[in-house]
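Okay, structure first, notes after.
The values are calculated or read from the model by the stated rules, or taken from the named source; none is laboratory data. Keep in mind that what you see is a predicted model, and the values were worked out from it rather than measured. Cβ placement follows ideal geometry from the backbone for every residue including glycine, while neighbour counts extend to all protein chains displayed. Please note that ligands, DNA and RNA were not included when accessible areas were found on the heavy atoms of the full protein model with its side chains. Shrake-Rupley method; radii C 1.70, N 1.55, O 1.52, S 1.80 Å.
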Amino acid sequence: MPKRSLRKTSFLGSQKLAPYVFISPFIISFLVFGLYPIGYSITMSFWKWTSNGPQEFVGFRNYIKLLTSDPFFLRTLWTSFVLMIFGSGLQHLFALPLAIFLNDSKIKGKDFFQLTYFLPYITSTVSIVLIFSQLFDENYGWLNYILTSWLHLNPVKWLNNPTAIKTSIAIMLNWRFIGWNTLIYVAGLQSIDRSLYEAAEIDGASKVQQAIRITLPLLKPIIFFTLTLSIIGGFQVFDEAFVLLGGYTRMGGPQNAGLTTAFYLMAMGFEFGRLGKGSAVAWLMFIVIILLNILHRQIGHREKRRTA
Amino acid sequence: MQASGLVNSGMLMKKIKSKLLSGGSRILLYLTLIVFAFIFAFPFYYVFVLASQEGTNMYTFPPHIFFSSHYLENIGKLFRDIPFARNFLNSVGIATTATFGTAFFCTMGGFALAKYRFKGKKIIYTFMLSTIAIPVFLNIIPFFKMMVAFNWYNTWLPLIMPGLANAFGIFLMTQFLEEAVPDDLLASARIDGLTEFGILMKIVFPLAKAGLAILMIVTFIGSWNNLIGPLVFLPEKMKTTIPVALTLLYNNLEGDRGGLMAGNTLAITPLMIVVIAFSKQIIAGLTAGSIKG
Amino acid sequence: MEKKLLLMVMSIFSLFPMFSEGQQEGPKQIPPVDMDRTYEITVGTWSQQLADTYAESLKSAEFTSKFPNISVSFMVADFSGHHSRAVTTIAAGEATNQIEMLEVAQIAKFVEGGGLTYLDEAPFNGFEAGKDIVDFAMGNATSESGKLVAFPVDIAPAVLFYRKSITDAAGVDMTKLNTWDQFIEAGKKLTIDKDGDGVIDQYAITHAVEVSNVPLNGGMAGWFDREGNPFEPKEKFILALELVKMVRDAGIDGDLGTWSPPWLQAYADGTVAATINGAWFGGGLETWIAPETKGDWRVAYIPGKSYASMGGSYFTIPEQVPADEKAAAWEVIKFLSTSDIAQLASFVEQAAFPVMTTLYDHPVMNEGVEFFGGQKVRQIFADVARNMPNDPVSEFDPIARAIFGNATTMVLVEGLSPEEAYQDALNELMAVIE
């Protein structure tokens, strides 16, 4: 007993003080690297702020203009939304079944599959450019080669037709992250008690029935988690669109088909020198992401209540 | 006894069933897995195919599908055009430092949130999670100003320091440590006279291995592939990292495309080796880390 | 608790505007170069070859005898990387290099936006130093209020490059194209299926948009007329869209994306017979795009002897460079932009065309160039340079270019009429600049 009270007084020994010390690097790091830039960009969003710094205080004008008269902003929200659904959301429809397949105890070469599925996740934007600019090339690319020579279809203008542009970006996103989500689901599946399946099998449930009745309900927390990340990430798609569509100079291609909100704010800030307006785009985007997550949570809660 | 008999008979039934079921559905299952494996792996194969082609003959119709014999020649061009060895060492140095530093600080923070009860914990936790959704894009300008003010420009620090105690890493480790570190073990360690820091070092870290594996891999990959950071903070050719050096070859009016493709293979290979070497740990780490979601 | 936190955060945020005020100081006195101390000047640029040539020129006695105390090094990144770094740096109100080289398309946003040192003021007196520099280049670097924010170092007269072996085989004379119609007729003869497999594998040019660059003067300036009206004069923009449509309808372009790998390869493997581009492109062909085609390329005027500019580079000194280093940086700029030795070296070695009009009659302009089979191509370059149109720049140039580029694609891919595409583009641009 006396030993214990002695320990309490020493620094890092105290059970009361220790958690604060342990979490302090995050707090300090946020105060230094997070708070200042965040405050700065909020401030910028209320100014006409060009490449040369603040010009005049404009209040909410940047925000109002974006929401009312800007020809691009609402379009970019739509593009981001479409990509969130078909780029980031669609992945889960592939990843989940793949994970269930992989989780089958009798699958051979499981390690090989998991490793291969992880590969796209390790690629850098630079490598992706090199790979996909070849695959999507309208004259020499593999995709059009397959379409024309094997399937005898018309070639697709992957990077010039508005619909095709969105499709291209969605393909790239799916390619890059299906495997990653599959692995997360596999991991989640491994925590499900196998005896549940055995019991279901005895009851004569088919594999599909097992998946719907056992797997999906038990995976719900993980599905919720990965979907949350997909909403956050999916709405901020930038790299893929940027590299695929030749940087800022094309503004996302015809009809700005590939101009995501994140892409637009980068172009506004760095290519067109409108840092104030760009900051306003960033904060509107943040608000949309938060709203989407609240909506997602509401749906999640209702689901929970329904199944409970 | 009866229970185990039931399980056994269940197993037996399952065996019989799976034998009956095999054939069609099993082939379909494998086929799906293989098709996706092919889709995910093909571009990597293709990077190596392109890297073995002559620089002026990359694009043909129909596209190349097999290896050619110019790989070493292209490697030679790569080393001629950019100081690739230096860029490689820089990349390794930055990624390694960032990885180990992040592992330490995120485990520490995760330990605090997972295993202590303290005032303000819930607020810190919720706040931390919400920071993940903050758009990082426009922060680059104020961040740049700060780095210059700190005299960190042209050093590795801007690429390492901000991520050391990052929200995602701490969140991951919190999730993981809640399960991996039993409370009674902590209690008995305290009775044995270990300090809280001692507990972190001697008990938490060894138990955190699986979670650390995934955190470290993700950090290493992120750091290794970071383009905009080194582009802005390490513009010097000799001081910069592989992605910046490769974009120099890609966009600049210099260098050979064969060399570029060869450089791409050299940029990917270390990651592939790391991932293959630690694949077991990655899977294990994912399992443990995502249980709670 | 949460309310308190919110209040705290709010009060911290309210402090932020103060941070930005630092830049609004009055002009600092700029001391002249101090011969008793040494200077280390770094130059940010996007071309290793140009950097090497500049470094070589700076080693000449003409510079070292005058300024033995100034040493210069170069910070090279890829084209877009260099510019995004330079823009970030300048926008952050910082300076990491004393000199940043900027391409003409990037210069406009700084001309009115600021962040750069005014080079017309003492001790630079840039207008005096640049009195022999070609007018339009100086004009593009001058703001409405008459401030010189950048100093030209090279310009890019646009010409028609073509492969003689290919045009000869097709029986086409590229030097006698007086109209765009003749160009398209010639293009049809150049567009053929060489190996007879039913697929066209040789095109006149890589992409239809190349021709739209000519009426638009390279697309780097002139998006607004002198009164600041967007996309005016209208005929110019409609003509550009019509030309592009004509070329695509005639099927003479390979539809290869500019600077994409297949685009690059097309010049080396004979997929393409000709291209309209700036003089510097010849340097690119020679050094890395298609070195093995040496001797086969020729240069002609753009059809109808149109004059256009396609590129050009400027030196700038970011405002935040320490005042005592600015004079030394200026000396480096002045040497590279106005000395015969530096201007000629970048021209002869890298095809970066001189800005100094005094050099347009230099004997080197009459020399044959080996890469072009001994043709005296520099005479053509110099003639175009002398007649180059002087179009105004605007800070909205980048967004105007992006919008119009997409209008072009809408004509090419979606089949919009030039008039429709023009109206759409105009509406978008008006909404942005209002």
Note: among C:LEU285, C:LEU256, C:LEU241, just one is among the hydrophobic types (A, V, I, L, M, F, W, C) and closer than 11 Å to C:SER212 by Cβ, namely C:LEU241
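For every residue, the table says whether it meets (1) closer than 21 Å to A:SER24 by Cβ; (2) in a helix (DSSP H, G or I); (3) without any contact (Cβ under 8 Å) to a residue 24 or more places away in the chain.
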site: B:VAL148; (1), (2), (3): no, yes, yes
site: B:ASN151; (1), (2), (3): no, no, yes
site: B:LEU159; (1), (2), (3): no, yes, no
site: B:GLU179; (1), (2), (3): no, yes, no
site: B:ASP184; (1), (2), (3): no, yes, yes
site: B:ALA187; (1), (2), (3): no, yes, yes
site: B:GLY193; (1), (2), (3): no, no, yes
| message | It is to be established whether one or more residues within segment A:59-78 are open to solvent by 30 Å² or more (accessible area, probe 1.4 Å), within 30 Å of A:GLN210 (Cα to Cα), under 26 Å from the mean Cα position of the chain (by Cα) and in the same structural domain as A:THR182 (by TED's automatic domain parsing). | response | no
- Hey, does segment A:253-270 have a residue that's among the hydrophobic types (A, V, I, L, M, F, W, C), more than 12 Å from chain B (Cβ to nearest Cβ) and touching a helix residue (DSSP H, G or I) at 6+ places or on another chain (Cβ under 8 Å)? yes
Segment C:35-123: strands (runs of 3 or more DSSP E) wholly inside it with 2 or more residues that are closer than 22 Å to C:PHE347 by Cβ and open to solvent by less than 20 Å² (accessible area, probe 1.4 Å) are C:39-45, C:99-103
For this session: For segment C:264-287, state whether one or more residues are on the phi > 0 side of the Ramachandran plot and either open to solvent by less than 10 Å² (accessible area, probe 1.4 Å) or more than 9 Å from every other protein chain (Cβ to nearest Cβ) (or both).
Result: yes
Qualifying residue in segment C:295-308 (condition: under 30 Å from C:GLY114 (Cβ atoms) and not hydroxyl-bearing (Ser, Thr, Tyr)):
yes
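Restricting attention to segment A:214-230, does a residue exist that is part of a helix (DSSP H, G or I), under 20 Å from A:ILE128 (Cβ atoms) and either in contact (Cβ under 8 Å) with a residue 40 or more places away in the chain or not basic (Lys, Arg) (or both)?
Yes, segment A:214-230 has at least one match.
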Taking first residues from segment C:55-83 that are among the hydroxyl-bearing types (Ser, Thr, Tyr) and second residues anywhere that are in a strand (DSSP E or B) and open to solvent by less than 20 Å² (accessible area, probe 1.4 Å), the pairs with Cβ under 9 Å that are 6 or more apart or on different chains are C:THR64/C:ILE70; C:SER71/C:TYR39; C:SER71/C:ILE41; C:SER73/C:ILE41; C:SER73/C:VAL43
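Quick one: would you say C:VAL153 is modelled with pLDDT of 95 or more, open to solvent by less than 20 Å² (accessible area, probe 1.4 Å), closer than 30 Å to C:VAL43 by Cβ and among the aliphatic types (A, V, I, L, M)?
yes
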Within segment A:127-146, restricting to residues that are more than 16 Å from A:THR167 (Cβ to Cβ) and touching a residue at least 40 places away in the same chain (Cβ under 8 Å), the one that is most open to solvent (accessible area, probe 1.4 Å) is A:VAL129
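Name the residues in segment A:49-79 that are within 21 Å of C:VAL87 (Cα to Cα) and away from chain C (no Cβ under 11 Å), would you?
Matches in segment A:49-79: A:GLU56 only.
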Any hit, segment C:136-145, residues being surrounded by fewer than 19 Cβ atoms within 10 Å (Cβ to Cβ), at positive phi and modelled with pLDDT under 90 | no
- Task: Please indicate, with yes or no, whether at least one residue in segment A:273-292 is open to solvent by less than 10 Å² (accessible area, probe 1.4 Å), part of a loop (DSSP other than H, G, I, E, B) and more than 10 Å from every other protein chain (Cβ to nearest Cβ).
- Result: no
With criteria (1) assigned to a helix (DSSP H, G or I); (2) more than 7 Å from every other protein chain (Cβ to nearest Cβ); (3) crowded, with 19+ Cβ neighbours inside 10 Å, A:HIS301 comes up short on (3)
How many residues of segment B:59-93 are within 14 Å of chain A (Cβ to nearest Cβ) and closer than 30 Å to B:LEU207 by Cα? The answer is 1
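Going through A:VAL126, A:VAL82 one at a time, which residue ends up being among the aliphatic types (A, V, I, L, M), within 7 Å of chain B (Cβ to nearest Cβ) and on the phi < 0 side of the Ramachandran plot?
Numbers: A:VAL82 fails: within 7 Å of chain B (Cβ to nearest Cβ).
Answer to the selection: A:VAL126.
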Checked pairs for segment C:301-315, first closer than 25 Å to C:SER346 by Cα and open to solvent by 20 Å² or more (accessible area, probe 1.4 Å), second part of a strand (DSSP E or B) and at pLDDT 90 or above, C-beta under 7 Å and 6 or more apart or across chains, list as C:TYR301/C:VAL159; C:TYR301/C:LEU160
When restricted to C:VAL321, C:VAL332, the only residue in contact (Cβ under 8 Å) with a residue 12 or more places away in the chain, open to solvent by less than 10 Å² (accessible area, probe 1.4 Å) and part of a loop (DSSP other than H, G, I, E, B) is C:VAL321
Of (1) crowded, with 23+ Cβ neighbours inside 10 Å; (2) within 11 Å of another protein chain (Cβ to nearest Cβ); (3) among the hydrophobic types (A, V, I, L, M, F, W, C), B:ILE124 satisfies every one except (1)
Within segment A:103-123, residues within 7 Å of chain B (Cβ to nearest Cβ) and of a type in the set (A, V, I, L, M) come out as A:LEU115, A:LEU119, A:ILE122
By residue number, the members of segment A:103-125 that are touching a residue at least 40 places away in the same chain (Cβ under 8 Å) and either open to solvent by less than 30 Å² (accessible area, probe 1.4 Å) or over 19 Å from the mean Cα position of the chain (by Cα) (or both) are A:ASN103, A:SER105, A:GLN114, A:THR116, A:TYR117, A:PHE118, A:LEU119, A:PRO120, A:THR123, A:THR125
Being modelled with pLDDT under 85 and in the same structural domain as A:ASP193 (by TED's automatic domain parsing) narrows A:LEU265, A:LEU245 down to just A:LEU245
Only unsatisfied item for B:LYS239, checking (1) among the charged types (D, E, K, R); (2) more than 14 Å from B:SER91 (Cα to Cα); (3) open to solvent by 20 Å² or more (accessible area, probe 1.4 Å), is (2)
Residue hits (segment A:89-102; open to solvent by 10 Å² or more (accessible area, probe 1.4 Å), within 27 Å of B:VAL274 (Cβ to Cβ) and modelled with pLDDT under 90) are A:PHE101
Within segment A:178-203, residues being part of a helix (DSSP H, G or I), surrounded by fewer than 23 Cβ atoms within 10 Å (Cβ to Cβ) and of a type in the set (S, T, N, Q) number 2
Scanning segment A:251-263 for residues that are over 17 Å from the mean Cα position of the chain (by Cα) and part of a helix (DSSP H, G or I), the one farthest from A:PHE57 (Cα to Cα) turns out to be A:PRO254
